[in-house]
Structure formats: structure tokens, C-alpha cells
1. If you check Gly119, Gly87, which single one turns out to be farther than 16 Å from Ser65 by Cβ and small (Gly, Ala, Ser)?
2. Between a residue in region 44-56 that is of a type in the set (Lys, Arg) and any residue that is surrounded by fewer than 19 Cβ atoms within 10 Å (Cβ to Cβ) and part of a helix (DSSP H, G or I), which pairs come within a Cβ distance under 9 Å, given they are 6 or more apart or on different chains?
3. If I ask for residues that are in contact with an Asp or Glu (Cβ under 8 Å, 6 or more places away or on another chain) and hydrophobic (A, V, I, L, M, F, W, C), which ones from region 107-136 would you list?
4. Scan region 98-119 for residues that are under 14 Å from Ile79 (Cβ atoms) and not hydroxyl-bearing (Ser, Thr, Tyr) and jot them down.
5. Take the conditions under 11 Å from the mean Cα position of the chain (by Cα) and within 18 Å of Ala11 (Cβ to Cβ) and apply them to Lys81. Does it pass?
Amino acid sequence: MRRRTLARECALKILYRIEISRDSLEISMEDFWSREAAGKEVRAFADSLAKGTMGNLSRIDGIISKHADNWGIKRMAVIDKNVLRLGTFELLYMDEIPPKVSINEAIDLAKKYGDVDSGKFVNGILDKIRKTECKK
């Protein structure tokens with residue numbers, strides 16, 4: 001598995017842990033990395049995704065809510081919501097990553113960890129965000 005793909009999975013697991021445990025980002029990251037072996041590059045990228053997502057959470061959730069027709073953020077499945085958060089963070093704040101890559105990686109995460117329709121759901125919302133919110 002490619003390093004950045006693995007890092008995205010790790011970041012998703014950290015965000016999921018925060019959502020379920022209600023622990024802080026720092027505690028969740030510390031706990032996750034105490035159980036997960038990863039190289040420096042994977043860990044650095046995963047940490048930057050998790051920190052960036054959580055640091056911009058209210059803006060990210062607002063944008064997701066704006067583009068999720070008939071879906072309140074609180075009604076979304078935990079995995080779908082956090083995949084959307086990661087993808088939105090990449091689209092808005094990581095100019096070095098092409099939007100198509102961010103969206104495809106998010107779709108793959110949703111398919112792997114979500115339910116049958118998660119990939120389509122994530123694709124639809126992130127594509128709307130890309131079209132209306134992104135400068136790249």
C-alpha cells in the first residue's frame with residue numbers, strides 16, 4: 001500500500017477514535033500510535049491530516065453540511081462523516097494534492113470502511129465541494 005494511502009487510513013482511524021471516545025486529538029493520536037507501527041513519513045502525513053482536520057472542524061463541517069442535501073452532519077454515519085472531513089480538509093487546505101487524487105482516495109476509504117453506498121455518497125458531496133469551494 002502506498003504511504004499516503006496508508007496515512008489517510010491512519011488519520012481516519014484517529015478521527016474515528018476521537019468521535020467514539022470523545023478523547024482529545026492528542027490522547028487519540030498517542031493511543032493510536034502506541035498500537036500502530038508506521039514509518040516516519042506515514043505518521044507525519046497522518047498527523048498533519050488529523051491535526052488539520054480537527055483544527056478546522058467547524059468550517060469543514062459547515063461546508064459539508066452546505067453540500068449534503070437532506071443530510072445533517074449529525075445524521076451521517078461516523079465513517080462517512082470522517083472520510084468527508086478528511087477529503088474536505090485536503091481539498092481546501094492541501095494545495096499540493098490534486099483534487100481528483102483527494103476525492104479518489106476518499107472514495108476508496110469510504111468503500112473500504114463504510115457501507116455499500118458510502119463511496120457514492122462521499123463522491124457526490126466532495127465533487128460539489130470541489131466545484132464550488134476550491135480554488136485549485
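The values are calculated or read from the model by the stated rules, or taken from the named source; none is laboratory data. Everything numeric here is computed off the predicted structure, so don't read it as measured data. No Cβ is skipped: glycine too gets one built from the backbone with ideal geometry, and neighbour counts run over all protein chains shown.
1. After applying the criteria, what remains is Gly119.
2. Lys51/Leu25
3. Leu109, Ala110, Phe121, Val122 - these are the residues of region 107-136 that are in contact with an Asp or Glu (Cβ under 8 Å, 6 or more places away or on another chain) and hydrophobic (A, V, I, L, M, F, W, C).
4. Ala106, Ile107, Asp108, Leu109, Ala110, Lys111, Lys112, Gly114, Asp115, Val116, Asp117, Gly119 - these are the residues of region 98-119 that are under 14 Å from Ile79 (Cβ atoms) and not hydroxyl-bearing (Ser, Thr, Tyr).
5. When the stated conditions are applied, Lys81 passes them.
One line per residue, one yes/no per condition, for (1) at pLDDT below 95; (2) polar (S, T, N, Q):
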position	(1), (2)
Leu25	no, no
Glu36	yes, no
Asn56	no, yes
Asp61	no, no
Ile64	no, no
Ile73	yes, no
Leu91	no, no
